[in-house]
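Input: a single structure, listed below in structure tokens.
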Amino acid sequence: MRENHGSAARRLRPTRHADDAASPRGVPRDEGTVTAFESDEKTMKKKNPASAIHITRFDKKRLASLLQSLDAAQETRAEIEDLEQELERGTEVDSEEIGPDIVTMNSTVRVTDLDANTTHLYTIVFPADADFEKGRISILSPLGTALLGYRAGDVVTWLVPRGTRRLRIEELVYQPEAAGDYHL
């Protein structure tokens, strides 16, 4: 579990709902390495080691460049640290090989807030393109970092100042790589 730095959110690992051993493009689903938390009112227990997320080499390179520019500007927000940790633990995949159900940069994803029973549509973007009112979520936001690299069917749980939030990734409405838009 991540440390809470000020008002930054902490993300718990997602619960995977893998229906087969590999995605349509052959990227393993890592069924045995998923971290899932089962909770009741009294306990929260860890079932498996940390789950692997998948990040395209292209996204990783651009995000590393973004992080370097923020480092040069001496930015020290917890969101930056969270993204750095995700990039370090993520499995790199060629853009042509990433599964069409994995959230990548510029993906539009439909999620259900399991606690509020509401559905939202978000696009994960670079900070300069963020506009929350239009559903364009910065990768540096706790939600943007939480969704990157996970797939349809995953439940992403993270801690926010007001408690725990749980979002199920229902579907990827648009993924650049699946559409052949490798330059986005």
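No value in this document is a laboratory result; all are computed from the given coordinates. This is a predicted model, so every value here is computed, not measured. When we count neighbours, we look across all protein chains shown, and the Cβ atoms used for this are built from the backbone with ideal geometry, even at glycine.
Of all residues in region 144-184, those satisfying the criterion of being hydrophobic (A, V, I, L, M, F, W, C) and touching a Ser or Thr at 6+ places or on another chain (Cβ under 6 Å) are VAL155, LEU172, VAL173.
Please count how many residues of region 160-184 are out of contact with any Phe, Trp or Tyr (no Cβ under 8 Å at 6 or more places or on another chain), within 20 Å of ALA52 (Cα to Cα) and aliphatic (A, V, I, L, M). Walk me through it before giving the result.
Filtering region 160-184 for residues out of contact with any Phe, Trp or Tyr (no Cβ under 8 Å at 6 or more places or on another chain) gives 160-163, 166-168, 170-175, 177-181, 183-184.
Now drop any that are not within 20 Å of ALA52 (Cα to Cα), which leaves 166-168, 170-172, 175, 177.
Of the ones still in play, those that are also aliphatic (A, V, I, L, M) are 167, 172.
The number of residues fulfilling the criteria is 2.
Scanning region 163-182 for residues that are in contact with a Pro (Cβ under 8 Å, 6 or more places away or on another chain) and surrounded by fewer than 16 Cβ atoms within 10 Å (Cβ to Cβ) yields one hit, TYR182.
Give the residues of region 83-131 that are touching a residue at least 60 places away in the same chain (Cβ under 8 Å) and basic (Lys, Arg), sorted by residue number. The answer is ARG110, and nothing else.
Among the residues of region 136-159, those that are over 16 Å from HIS54 (Cα atoms) and either exposed (fewer than 14 other Cβ atoms within 10 Å of the Cβ) or among the aliphatic types (A, V, I, L, M) (or both) comprise ILE137, LEU140, LEU143, LEU159.
Each residue in region 102-135 was checked for being in a loop (DSSP other than H, G, I, E, B), buried (at least 17 other Cβ atoms within 10 Å of the Cβ) and among the aliphatic types (A, V, I, L, M), and 3 pass.
The rows are residues; the columns are (1) assigned to a loop (DSSP other than H, G, I, E, B); (2) more than 23 Å from GLU88 (Cβ to Cβ); (3) touching a residue at least 60 places away in the same chain (Cβ under 8 Å); (4) among the β-branched types (Val, Ile, Thr).
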{"position": "LEU140", "(1), (2), (3), (4)": "yes, no, yes, no"}
{"position": "GLY144", "(1), (2), (3), (4)": "no, no, no, no"}
{"position": "GLY149", "(1), (2), (3), (4)": "yes, no, yes, no"}
{"position": "THR157", "(1), (2), (3), (4)": "no, no, yes, yes"}
{"position": "ARG166", "(1), (2), (3), (4)": "no, yes, no, no"}
{"position": "ILE169", "(1), (2), (3), (4)": "no, no, yes, yes"}
{"position": "LEU172", "(1), (2), (3), (4)": "no, yes, yes, no"}
{"position": "GLU177", "(1), (2), (3), (4)": "yes, no, yes, no"}
{"position": "TYR182", "(1), (2), (3), (4)": "yes, yes, yes, no"}
